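So the structure is just underneath, and the comments pick up after that.
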Amino acid sequence: MAQFGGNPFFSCRNCQNPLALRDDLISKKFLTKSGTGYMFSHAMNIIVGQKEDRQLITGVFSIADIFCSNCGEVLGWKYVRAYEISQKFKEGKFIIERAKIAKEY
């Protein structure tokens, strides 16, 4: 895992743009189109796309795809709104597909 301002971070596999700090990692147990996804409380150097309602495994959410601000790679999504009370903790969090993150060191 690389260092960013002295803190370990995750970067875009495509262009090595820093995306999220290790300290902001909440969970490594999310499922995405490409397999495992990581949940982060914050993300950086991203562009947030249009929000839309989407049916996911745990319910219907209003989400927005997120893209690398440097190369434009689709990285995952941001939870904008959860419609089920039990899923409200996901609001404002980011899911980045493991396959889109540079290898951890």
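Residues in region 5-35 that are over 11 Å from the mean Cα position of the chain (by Cα), on the phi < 0 side of the Ramachandran plot and loosely packed, with under 15 Cβ neighbours inside 10 Å: ASN7, PRO8, ASN14, CYS15, ASP23, LYS29, LEU31, LYS33, SER34. The single condition from (1) over 15 Å from the mean Cα position of the chain (by Cα); (2) closer than 15 Å to ARG13 by Cβ that ARG98 fails is (1). Return a yes/no flag: does region 40-61 have any residue that is among the basic types (Lys, Arg) and at pLDDT below 95. Checked region 40-61: at least one residue is among the basic types (Lys, Arg) and at pLDDT below 95. A search for C-beta distances below 7 Å between a residue of region 69-82 that is among the aromatic types (Phe, Trp, Tyr) and any residue that is in a strand (DSSP E or B), counting only pairs 6+ apart in sequence or on different chains, returns TRP77/ILE63; TRP77/ALA64; TRP77/ASP65; TRP77/ILE66; TRP77/ILE95; TYR79/PHE61; TYR79/ILE63. A count restricted to region 52-103 and to residues that are within 17 Å of ASP24 (Cβ to Cβ) and out of contact with any strand residue (DSSP E or B) (no Cβ under 7 Å at 6 or more places or on another chain) stands at 1. Listed by position, the strands (runs of 3 or more DSSP E) inside the chain whose residues that are of a type in the set (Val, Ile, Thr) number at least 1 are 25-32, 35-40, 46-56, 59-68, 74-82, 94-97.
The values are calculated or read from the model by the stated rules, or taken from the named source; none is laboratory data. Values in this document were obtained by computation on a predicted structure and should not be read as measured data. When we count neighbours, we look across all protein chains shown, and the Cβ atoms used for this are built from the backbone with ideal geometry, even at glycine.
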